[in-house]
Each structure stands twice: as C-alpha cells, then as structure tokens.
1. Among Ala134, Ala116, Ala75, whose mean-square fluctuation peaks in a Gaussian network model of the chain (Cα, cutoff 10 Å)?
2. Just checking my list [x] 36, 21, 18; [y] 25, 21, 21; [z] 32, 25, 18 against semi-axes √(5λ) of the Cα gyration tensor in Å computed from this structure; which label fits?
3. Antiparallel as a % of all DSSP beta bridges within the chain, to the nearest 5?
4. For the chain, modelled as a Gaussian network with Cα springs under 10 Å, which listed residue fluctuates most, Val206, Val269, Val253?
5. Over the Cα atoms of the range 3-179, what radius of gyration and what Dmax do you get, in Å?
6. Once you keep just the Cα pairs under 8 angstrom separated by 6 or more residues, what percentage relative contact order results for the chain?
7. Taking Rh as the Kirkwood radius computed over C-alpha pairs, what is the Stokes-Einstein D of the range 193-302 at 10 °C in a medium of viscosity 1.306 mPa s, expressed in µm² per second?
8. Where the only charges are on Cβ atoms (+1 Lys, Arg; -1 Asp, Glu), what is the dipole of the chain about its Cα centre, to the nearest 20 debye?
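Computed from the coordinates by the stated procedures, all read-outs in this text should not be read as laboratory data. This structure is a prediction, so every number in the text was calculated from the model and none was measured. Virtual Cβ from ideal backbone geometry, glycine too; neighbours counted across all protein chains shown.
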Amino acid sequence: MNSFNRHRICMVSDFFYPLIGGVENHIYQLSQCLIDRDHKVIVITHAYNDRVGVRYMTNGLKVYYLPFKPFYNNAILPTVFSTIPLIRSILLRERITIVHGHSSFSTLAHETMHHAKTLGIRTVFTDHSLFGFADLSSVLTNKVLQVSLADCHHIICVSHTCKENTMLRANLNSSKVSVIPNAVDASAFTPDTSLRPSSSVSDEIVIIVASRLVYRKGIDLLIGILPKILRKYPTVKFRIAGNGPKEIDIREVIEREGTEDRVALEGPVHHDQMRNFLNSGHVFLNTSLTEAFCMAIVEAAACG
C-alpha cells in the first residue's frame, strides 16, 4: 500500500479491554485487521481502575486510557469541554486522519467525534445496538445521536435492521449509512461435543448464557425465567458468563430457590476461552433487548 492510501485511525469508545463484550472485541479485531493493511491505529478509552495512561497491545496497537472515571453503565459523564485538552492533544500528536467512534451509549465516542470535526478530521461512526423511541432513556439517547451524527461523514451499521433503526432515530439519509455485518473467525469457533455432558451417561441439559449483566441485555427476563425452568426441568443447568450490576439479582434468585448446584456464575470469560465455554453446553440463550447483530449468537452457532 502506498503512503497516499495509508491512514492514521483513532478508534474511540467507552467500551474496550479489559472490559469484555462484543463492542470491545469488534474494536480490537478491526484495529488488528487495519494494522495488517499497513494503517496506523490507536484506541482512546477511559480509565479502568488503575489502568491509566498509554498501553501497547498486539502488533503495536497503542491504547490511551484517559484519566476519566465511568459515570453510568461504563460511560463517562458527558461534559464536552473537560475532554477537549487531552483529546485535541492526542489527535494532533498522532496526526489522526480518521476518527472512528463506536456505540450509541459511548459518551467518549460522541465527544471525540465532535472535537475531531472542529479540527477538520473526518469521522466515522459504527452503531452496534437497537433502540426504542418511547422511554426516556431512548428519547435522550436519540437526541444526542441526532446532533452527533448530523455532520458525521459516514455511519456503519451491523445489520439491515440496525440501519433502519439508526436512520429513524438520527433522522439520517440512507446514502450516509452502510451495512457491514459482524464477522466471526470460523476457524476459532468449531464444535467439540466432547466438552458437553454425554447424553448416554445423563439426561443433563446445560444452557449457556454469555452477556453483560445489565438491564439492556434483558437480564430481568433471564431472572424471570430462571426459577420457572429450573422447577419444571430438574435436569437443566445454567452456566452464566459475564458481570454487571444485575449479578446480585441473579444471586438472590439462586439463593431463594436453593439452586446453587444448578446455576453457575462464571464471571467474565476471556475471548480465547469462549469456544470451550460455548461447547460445554447444549443450548445458547440470549435475552438482549437492544442487540442488532449478536456476536455471541453467531459464535455459538459456529460451535454447533
């Protein structure tokens, strides 16, 4: 690739490693693919506990953990002005030519895109979730999205349904929006029935859940069906991967029902261990309310 086509790209989102999830993995994998194509890529995110400053990942991927603490649902407090000095300094120092924001929920993505536009840097935004139009949270988020994407150079959606949803929410022209479905490395997610309980030995059925344990992932639905399924089907067990504020509610249900031996809370499962985790069950369950293209479902399908 000649130098004329080489870009200096800034990926930005409140959601990145060490947090585990679809957006985080998408940003990392996309960055690695762009680095392989000879582009320069950096990532901007907020601090995670004591992880503050500059870190380097595979292939020299440079990650800026800015000294801003998450305010709500792992996103920073929206202020616009307090982030200007640091972000402006990074964008100019790294000579960024494209800023790529991820997730409608990410305050940092919207603010960095705004600062980039004042510096004449081109902006791209990827929307990963579906939203409604009626509840207060959706109304506020949609207004922010409408302002943020009004002069964004291009928007990427992960499914055709997501495109329709984003266009309605942000009042966008279809020519500004492209659909690029999420991809899964099929060589990394392959079936392995030896990891599942043998049907010839027992009638045990293991249901796998892999999700951030928050309201928008439909965890309230999961909490509602857990006791009903466990009472009706004595051979069913659950393995739940992920963490979040709803974890305590799940633990309360487990203790109330006395099913500690049938529901295992595994905590965060790293992506390199996800294949074995998915293969350890028979059924994959997703209850998300906002999923536009669930990576975990595709990975589970690839594992059979």
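1. In the Gaussian network model the winner is Ala134.
2. [x]
3. For the chain, the DSSP antiparallel bridge percentage is about 20.
4. For the chain, modelled as a Gaussian network with Cα springs under 10 Å, the answer is Val253.
5. Gyration radius and largest Cα-Cα distance of the range 3-179: 15.4, 48 Å.
6. Computed value for the chain: 16 percent relative contact order.
7. So the translational diffusion coefficient is about 111 µm²/s.
8. Numbers: 31 positive and 27 negative charges, 187 e Å.
About 900 debye.
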